1. Among DSSP beta bridges whose residues both lie in the chain, state the antiparallel percentage, nearest 5.
2. Tell me, what HN-Hα J-couplings in whole Hz come from the Karplus equation 6.51 cos²θ - 1.76 cosθ + 1.60 at θ = phi - 60° for each residue of segment 44-58, using x for Gly and Pro?
3. Could you put Val96, Val88 in order of accessible surface area, largest first, with the 1.4 Å probe and the full protein assembly present?
4. Find the percent of Cα-Cα distances in the chain that exceed 22 Å, and round it to a whole number.
5. What 222 nm value per residue comes from the helices of the chain, counting each DSSP H run with n ≥ 4 as -39,500 (n - 2.57) and dividing by all residues, nearest 500 deg cm²/dmol?
6. I'd like to compare 112-121, 47-56, 157-166: which one has the highest average count of other Cβ atoms within 10 Å, and what's the full order after that?
7. Enter the accessible area per residue of segment 63-103 (Å², integer; probe 1.4 Å; all protein chains in place).
8. Tell me, what is the FRET efficiency for Arg37 and Ser133 to the nearest 0.05, using R0 = 30 angstrom and their Cβ-Cβ distance as r?
Amino acid sequence: MPYSVREAKASPIPLRADDLAQGALGEFELQRRPLTRYEAAEIMRQIKDSPDITGYSAAEWTGRRDIFALVSPKTGKLAGALLVHHLVGRWSEIAVVFLFEEYRGRGLGRQLLQGALRTLKSADRKLLLFFCSPGMGRLSAEAGFDILADEAEFTRGSLRRKLFLSVLYKAQWLCSAYRLREIRRKRREFACSFEFKVAVLMRQGAR
């Protein structure tokens, strides 16, 4: 079953200088915690206009999923957040990597992803990331993911992966009425195809 981190107050995750764009060093810290209701509402409002992200509910952002928040320690203001969907078989999906518009173009997406990955890899998780934007593909490759063309390439030659992706993953991912509504709306309003490429980062010794 999926699990999540529910502690509202957690120690900041150390960030390395090579995760940061020039000029951003020391401005932000990464916290592993649920979003507040206000933070979740702001992120959901902006994601509603994104054709590349299906959408996650307020319950998921505020505690049902594992959340990494990028925050200014001076102001307490949220710059962005990363949502992790923990799955059966020690798989975890990096489901959303999101920055508010005013914080983009400064290398903070790299900081957010790579900081979270260090924590997840230390927990011995196998990692999945589905994406359809070139920018997310570049970030994933830089972080060490293997980039696959589609789900068929991910499951080719492996009955275990086919069972995981077609049954176990889909059952967990689609058990959200909010997400199903957003998928239908975005297909209707934005003509989204949601034809995702797959990025995979295996733990050591895993197949």
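1. Details: 26 of 29 bridges.
So the antiparallel bridges amount to about 90 percent of the total.
2. 5, 4, 6, 5, 4, 9, 9, x, 9, 10, 5, x, 10, 7, 4
3. Val88, Val96
4. So the pairs more than 22 Å apart make up 48 percent of the total in the chain.
5. The helix-only estimate for the chain comes to -8500 deg cm²/dmol at 222 nm.
6. Per-residue Cβ counts within 10 Å, averaged per peptide and sorted highest first, yield 112-121, 47-56, 157-166.
7. Per residue, segment 63-103 has an accessible area of 32 Å².
8. 0.60
The values are calculated or read from the model by the stated rules, or taken from the named source; none is laboratory data. Note that this is a predicted model, so its numbers are computed, not measured. In this analysis, Cβ positions are derived from the backbone assuming ideal geometry, glycine residues included, and neighbour counts consider all displayed protein chains. Note: areas computed on protein heavy atoms with side chains; ligands, DNA, RNA excluded. Shrake-Rupley method; radii C 1.70, N 1.55, O 1.52, S 1.80 Å.
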